[in-house]
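Q: One structure, as structure tokens, below. Some questions next.
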Amino acid sequence: MNKQVISTTSAPGAIGPYSQGIQLGDLIFTSGQLGLVPETGQLAEGVEAQAAQSLRNVKAVLEAAGSGLDKVIKTTVFLKDMQDFAKVNEVYGSFFTEPYPARSAVEVARLPKDGLVEIEVIAVK
């Protein structure tokens with residue numbers, strides 16, 4: 001199988017040597033998406049706004065591949081502070097419906113651009 005690069009201007013461009021997403025067969029892997037507003041390149045204000053923007057960015061990458069949030073099977077949520085879990089969880093729940101994807105959530109020491117949350121997903125086409 002050949003891997004295909006997924007790229008869209010509806011999500012922030014990669015800030016390093018990686019792709020916004022990769023499709024391999026019917027699987028789509030997104031890179032972690034910060035809460036960066038694509039039009040400005042700036043982080044949204046606050047953890048809830050960053051979580052929502054991160055998921056909008058994930059959605060844009062998935063849609064560029066012909067998929068969507070309803071086809072997500074696994075997510076990983078990286079948090080700067082696990083104290084923000086409940087706030088992020090509330091935002092996250094507004095983007096997904098049952099059956100919910102499998103998920104991991106971890107606290108990390110630091111995120112690029114000093115973001116508060118970063119989310120990556122695996123989805124099917």
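Q: Being within 21 Å of G16 (Cβ to Cβ) and either crowded, with 20+ Cβ neighbours inside 10 Å or modelled with pLDDT of 95 or more (or both) is the requirement here; does E107 meet it?
A: Spelling it out, it is not the case that E107 is within 21 Å of G16 (Cβ to Cβ) and either crowded, with 20+ Cβ neighbours inside 10 Å or modelled with pLDDT of 95 or more (or both).
Q: Of the residues I15, I28, I6, which single one is over 19 Å from F95 (Cα atoms) and within 14 Å of the chain's Cα centre (by Cα)? Give the derivation first.
A: Details: I15 fails: within 14 Å of the chain's Cα centre (by Cα); I28 fails: over 19 Å from F95 (Cα atoms).
Within the list I15, I28, I6, the selection yields I6.
Q: Continuing with this model, one more query. So which pairs qualify, if the first residue must be in the range 19-33 and aliphatic (A, V, I, L, M), the second must be open to solvent by 30 Å² or more (accessible area, probe 1.4 Å) and in a strand (DSSP E or B), the Cβ gap must be under 6 Å, and the two must be at least 6 apart or on different chains?
A: Matching pairs, first to second residue: I22/K3; I22/F29; L24/K3.
Q: Next up: Given the criterion farther than 20 Å from R110 by Cα and modelled with pLDDT of 95 or more, identify the matching residue among V47, V5, V88, V77.
A: So the residue among V47, V5, V88, V77 that is farther than 20 Å from R110 by Cα and modelled with pLDDT of 95 or more is V5.
Q: Being assigned to a loop (DSSP other than H, G, I, E, B) and open to solvent by 50 Å² or more (accessible area, probe 1.4 Å) is the filter; apply it to the range 67-83 and report the residue that is farthest from V37 (Cα to Cα). If you could, list the steps in order and put the result at the bottom.
A: To start, the set of residues in the range 67-83 that are assigned to a loop (DSSP other than H, G, I, E, B) comprises 67-68, 80-81.
Filter once more, so that each one left must be open to solvent by 50 Å² or more (accessible area, probe 1.4 Å): 80-81.
Values: K80: 18, D81: 21 Å.
For the range 67-83, the residue satisfying everything is D81.
Q: Can I ask one more? I need a count of the residues in the range 90-104 that are open to solvent by less than 60 Å² (accessible area, probe 1.4 Å) and either under 18 Å from E45 (Cα atoms) or not hydroxyl-bearing (S, T, Y) (or both).
A: Of the residues in that region, 7 qualify.
Q: Taking the range 37-55, which residues are of a type outside the set (D, E, K, R) and over 18 Å from T75 (Cβ atoms)?
A: Scanning the range 37-55 gives V37, P38, T40, G41, Q42, L43, A44, G46, A49.
Q: Which of (1) outside any strand (DSSP E or B); (2) touching a helix residue (DSSP H, G or I) at 6+ places or on another chain (Cβ under 9 Å); (3) surrounded by fewer than 13 Cβ atoms within 10 Å (Cβ to Cβ) does A86 not meet, given it meets every other one?
A: (2)
The values are calculated or read from the model by the stated rules, or taken from the named source; none is laboratory data. A quick note: this is a predicted structure, and the numbers were derived from the prediction, not measured. Neighbour counts run over all protein chains shown; Cβ positions are idealised from the backbone, glycine included. All accessible areas refer to the heavy atoms of the entire protein, side chains included, with ligands and DNA or RNA removed. Shrake-Rupley method; radii C 1.70, N 1.55, O 1.52, S 1.80 Å.
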